1. Taking all protein chains together and a probe of 1.4 Å, list Phe167, Phe107 from the most accessible to the least accessible.
2. If I take R0 = 25 Å and measure r between the Cβ atoms of Ile247 and Ala202 in this structure, what FRET efficiency does the formula 1/(1 + (r/R0)^6) give, to the nearest 0.05?
3. Given R₀ = 60 Å, FRET efficiency for Tyr223-Lys121 by Cβ-Cβ distance, to 0.05?
4. Arrange the residues Arg98, Arg118 by how much accessible surface each exposes, largest first, with a 1.4 angstrom probe.
5. Can you list the HN-Hα couplings for the range 164-176, worked out from phi with the Karplus curve (6.51, -1.76, 1.60; θ = phi - 60°), rounded to whole Hz and with x for Gly and Pro?
6. Students often get this wrong, so check it: of Lys94/Lys431; Lys198/Lys257; Lys191/Lys257; Lys191/Lys431; Lys121/Lys431, which have C-alpha atoms separated by over 30 Å?
7. Go through Asn185, Thr217, Ile273 and say which Cα lies farthest out towards the positive end of the charge dipole of the range 180-277; charges sit on Cβ, +1 for Lys and Arg, -1 for Asp and Glu.
8. Subtracting the Cα-Cα distance from 0.36 nm times the residue separation, let me have the gained length for Glu190 to Asn290 in nm, one decimal.
Amino acid sequence: MQRRIRNRQEERFASCLCGSASCLLSSCCPSTYNSTISRLAFSFLLLLGTLVSIIMILPGMEENLKKIPGFCVGGSSIIGIENKVNCDIIVGYKSVYRMCFAMACFFFLFSIIMIRVRSSKDPRAAIQNGFWFFKFLVLVGITVGAFFIPDGDFNTVWYYFGMVGSFIFIIIQLILLIDFAHSWNQSWLEKAEEGNTKCWFAALLSVTFINYALAFTAIVLFYIFYTQLDDCTEHKVFISLNFIFCIIVSIVSILPKVQEAQPTSGLLQASLISLYTMYVTWSAMSNNPNRKCNPSLLSLVQSSSPTPAPGPTSAPGTTQWWDAQGIVGLIIFLFCTLYASIRSSNNAQVNRLMQTEEGQGLTASEEAPAEEDGVRRAVDNEEDGVTYSYSFFHFSLFLASLYIMMTLTNWYKPDTDYHAMQTSMPAVWVKISSSWIGLGLYLWTLVAPLVLPDRDFS
């Protein structure tokens, strides 16, 4: 019976997304005010734009992108402007920037519209939770318009917007990972208390050990491949500092006073945060323009150099944007985006940081009474108050659009004459400083109940 009810609700929601005008303009969509479904739908739009961006930088796609009028050498759609650039390299970069610019504008617009929406009684809540077909049309319209933006200073200005937005989003990703680790640890501890204690504690120990083993292995590899005896001082400092910081937060997480204030804190969370910190450190070092210190620098960077790149190379006629850290970053991004859409946390500190409340979902017995046909309809679960900040959620997706733009282009930017790509140390410092701030936030979640004992952090 429950499966049949769920299937009918999913079919109706699918019909809403498919764009039936009568459904979109009325209340026939049963999950119109279900916060989780709304978040998933917006995340789907973000992931759809991400997929399009990935397709645009696949090797060989530059030949098709060159055909866009005015987008490359000999273009005629913009009168009086001829783009004398290396199209094989630049068109994929430009396409990703314009696609992500459109997504960023779309989500920033909704972030402004949804400011101070307190409950589903606000008329703007209907825009948040419905009209999906029209919202999709708006996104498509902005995207089409973005491809006709002339170069000028657009790419340079948007590059710096991307750096700032990505800096903030890396911290948000770490907050989400902290929340995920807390929920994970709490769930397994509860199962250990219910029964089969040895099995669940063994699972916790195994996962923690694997995380620390991967983090330590990463540190060793960083010293081998990203440092030189007489060079790469910055990398040595980055690796050593983050190694020390990870040891500190790991020790703090199991201090008796911290355990007393937060019984569910432990090494599982610290190990996951340490592993993510090592990823951010790797990502930062991969943007160092010094090839001696960065063997993973892609061949499209400074491609006119007579010295062949030690990193990945491309076949003739194609451009290779992918590298290992970019793929890992994309996977983490997808996980965090989906988790942010479905999360229902009881971690008060993380909820304050993410502008959410403790999970309030639909319960079949209390909030979804059966109607005459025996089907329980999804009902308004935000009539008294929203379960998350609509505006902050869209702002997070706005930042996510900037982050995916920088990740897919490896934080590279074109040189002054648009003949090759280049990277710079500011990108390195943005990433590494975000890892330090993220570790500081995690440390604060551990010690806050001790520093401010009068505050309720339960």
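1. Working: Phe167 50, Phe107 0 Å².
Largest accessible area first, the residues go Phe167, Phe107.
2. Values: r = 24 Å, r/R0 = 0.97.
Calculated transfer efficiency: 0.55.
3. Details: r = 58 Å, r/R0 = 0.97.
The calculated FRET efficiency here is 0.55.
4. On the way: Arg98 0, Arg118 150 Å².
The residues order as Arg118, Arg98, largest area first.
5. Along the range 164-176, the couplings run 5, x, 5, 4, 5, 5, 4, 5, 4, 4, 5, 4, 5 Hz.
6. Numbers: Lys94/Lys431 23 Å; Lys198/Lys257 25 Å; Lys191/Lys257 24 Å; Lys191/Lys431 37 Å; Lys121/Lys431 41 Å.
The pairs that break the limit, which is 30 Å between Cα atoms, are Lys191/Lys431; Lys121/Lys431.
7. Final value for the positive-end residue is Asn185.
8. On the way: separation 100, 0.36 × 100 = 36.00 nm, distance 4.94 nm.
So the extension gain works out to 31.1 nm.
The values are calculated or read from the model by the stated rules, or taken from the named source; none is laboratory data. For clarity, every value in this text was computed on a predicted model and none was experimentally measured. No Cβ is skipped: glycine too gets one built from the backbone with ideal geometry, and neighbour counts run over all protein chains shown. The area values use the complete protein model at the heavy-atom level, side chains included, leaving out ligands, DNA and RNA. Shrake-Rupley method; radii C 1.70, N 1.55, O 1.52, S 1.80 Å.
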